[in-house]
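Notes follow the structure.
No lab work stands behind these numbers, since they all come straight from the coordinates. Remember, predicted model here, so these are calculated numbers, not experimental data. Here the Cβ positions follow ideal geometry from the backbone for every residue, glycine too, while neighbour counts run over all protein chains shown.
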Amino acid sequence: MPAVLKHNWWALAIRGVAGILFGVLTFMAPGISVAVLVMWFGAYALIDGIFSIVAAWRAPDGRARWSSLLLEGLVGIAAGILTFLSPAFTATILVFVIAGWALVTGVLEIFAAIRLRKVIRGEWVLIAMGVVSILFGIALILEPALGAIAIALWIGSYALVFGALLLILTFRMRHWMRSRAMDPAYGSA
């Protein structure tokens, strides 16, 4: 995997820049229609998928685990295409999946607090977390449009952080590649 990343640092850089742009655009216009935001996500997933496949394709022969990059790329492309074909479906499903997750998580947190009340002190914190999770899930179900905007901001945050981390990895890979190329012990890389 390091050899794949080392030789394709530019693909990491493009993925990182795409993530940062997606995140910044999300924060610049949080009130935009969810359909446009979903399209931004679709474009990001598609670009990310394409460059993951490029990195896998350009992997040196005999290198292990390039197939994980290929699979990641195929999933990204599929998510992007599905988003473009049905943006309303993608937005609705995303909101309701997160709402369901919050409801189930909240109930499980409350059950855990009840089971742990004899073992730990302060189980009320776990109960409070459960109640907050349940209220969040109910709010998403009752107001999915507002929930979609909140989720969009979280997705934008994720893309921004992920993109920045990819750029950091890019610079580290380039530095590593250059330092190895200049090291006489390794010869020219």
**Prompt:** Can you pull out the residues in region 160-176 that are without any contact (Cβ under 8 Å) to a residue 24 or more places away in the chain and farther than 18 Å from Ser52 by Cα?
**Reply:** Arg172, His175
**Prompt:** How do the pairs read when you match residues in region 117-145 that are of a type in the set (Ser, Thr, Tyr) with residues anywhere that are in a helix (DSSP H, G or I), using Cβ under 7 Å and keeping only pairs 6 or more apart or on different chains?
**Reply:** Ser133/Ala102; Ser133/Thr105; Ser133/Gly106; Ser133/Glu109
**Message:** Looking at (1) surrounded by fewer than 17 Cβ atoms within 10 Å (Cβ to Cβ); (2) more than 30 Å from Ala43 (Cβ to Cβ); (3) not hydrophobic (A, V, I, L, M, F, W, C), which one does Gly130 not meet, given that it meets all the others?
**Reply:** (1)
**Complete:** Within region 139-153, residues exposed (fewer than 15 other Cβ atoms within 10 Å of the Cβ) and small (Gly, Ala, Ser) come out as Ala145
**Prompt:** Which one is nearest to Asn8 (Cα to Cα), of the residues in region 94-107 that are loosely packed, with under 14 Cβ neighbours inside 10 Å and out of contact with any Ser or Thr (no Cβ under 9 Å at 6 or more places or on another chain)?
**Reply:** Val97
